[in-house]
1. Enter the angle in degrees (range 0 to 90, nearest 10) between the Cα long axis of helix 330-342 and the first principal axis of the Cα atoms of the chain, meaning the one along which they spread out most.
2. In whole angstrom, note down how far apart the Cα centers of the stretch 328-366 and the stretch 266-301 are.
3. Could you list the GluC sites (Glu not before Pro) in the stretch 39-96 that lie in coil according to DSSP, counting only those with at most 14 other Cβ atoms within 10 Å of their Cβ?
4. Can you work out the accessible area per residue across the chain, with the rest of the protein chains kept in place, probe 1.4 Å, in square angstrom?
5. Quick check on the stretch 128-274: of the DSSP beta bridges with both residues there, what percent are antiparallel, nearest 5%?
6. Just the number, please: percent antiparallel of the DSSP beta bridges in the stretch 125-214, rounded to the nearest 5.
7. Once you have the Kirkwood Rh of the chain from its Cα pairs, apply Stokes-Einstein at 4 °C and 1.567 mPa s and quote D in µm²/s.
8. Sum -39500 (n - 2.57) across every DSSP H segment of at least 4 residues in the chain, then divide by the residue count to get the 222 nm mean residue ellipticity, nearest 500.
Amino acid sequence: MNTSLKTPLLGDQSPDQFMRKYWQRKPLLVRQALPGIQPPATRSELAALAASEDVESRLVSQFQGKWALKQGPVAKLPPWSKPGWTLLVQGLDLHVQAAHELLAKFRFVPEARLDDLMISYATDGGGVGPHFDSYDVFLIQVHGKRHWRIGRQGHATTGALRPDVPVKLLADFEPEQEFTLEPGDMLYLPPGWAHDGIAIGECMTCSVGFRTPWRAELARELLQRLMDDESQAYANKMYADPKQPATESPGAIPQQLLDFSRDACERALREPLALERALGEALTEPKPKVFFEMGDALPEGAAALLDRRSRMMYDAAHVFINGESYRAGGRDAKLMRRLADQRALSAREVAQLSAGARELLDQWAEDGWVQPASDPA
């Protein structure tokens, strides 16, 4: 992707311009960002996905002024003709190729930050109420119309939530701006901007969400991974205290044990590439409900395509895929990084891999992480 080229997706701005001017700063409304867009799935297909235990979904309704929330799987939906309800299907890109391709249009943001594509199907008057997200979001209208009201925290709302409803609704909300989106229109909102979308007739809205780990959450994940690798010298040592004297204060934690604990953490963080490896593995770990179908090694002469459920990234010393890490250098590293960036390698590029890297690619294909493909015309 050439991030310096202007695109209708971002209102005839380049991704470079958008990231400098709007990203995490202020909203952007783009009329006809995606002209002629079609819903990535029909309402019947969404109903089937919502009924599956392998798909994350929610049903939000407001019937007779009473809010209700049902977590999926949702075996039965209200009548299509009944107003006031919304079906949310998370991670649609994992299950529907058209949704995966729509999400890929936003890969000018690092893969490490890109999360998933959710779709909201709503009947007339449906919505999830005024709320705010802790992450950036692109709201793409793909069918029908939806009226949006937005505002800043501290101006449009205090951010306080209602305690009497099962969904996270703002207790107070006075919008600063309002828009009606039609198919092809898109609204970008930075983290923390309050918003409320109400369907005008039947409508579908896709939202591109982003990963925003809390510092404590990330530290907990990384330390756990660092200490899980018992082959490392810093992890594979048992506490011993041969010089521990008898104590009259058995409830007191020994200073020696505290020093041992601190040293364990410090050694893990000092180990060359250990933190980098743990971070890459954590960022590419598949979500809990993601499963792969076993395949076969790549046929001779075939191109390689990352399965849409695969997450692949790299740093200066490793390539990471689906929670695993591999050291890479030279031409193999260059080609594997291209696979991560472009999510595909041509047959010619596959043929340039070393025997070891080709064997690894075949293993990924057998695991279902990579699919064989014909070279694009």
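1. 20
2. Each part's Cα centre sits 16 Å from the other's.
3. Answer by residue number: E53.
4. Roughly 53 Å² per residue, with all protein chains present.
5. Restricted to the stretch 128-274, the bridges split so that about 95 percent are antiparallel.
6. Of those bridges, close to 95 percent are antiparallel.
7. D, rounded to a whole number, is 55 µm²/s.
8. One gets -7500 deg cm²/dmol as the mean residue ellipticity at 222 nm.
The values are calculated or read from the model by the stated rules, or taken from the named source; none is laboratory data. A quick note: this is a predicted structure, and the numbers were derived from the prediction, not measured. Glycine also receives a Cβ, built like all others from the backbone with ideal geometry; neighbour counts cover every protein chain displayed. What goes into the accessible areas is simple: the full protein's heavy atoms, side chains included, and nothing from ligands, DNA or RNA. Shrake-Rupley method; radii C 1.70, N 1.55, O 1.52, S 1.80 Å.
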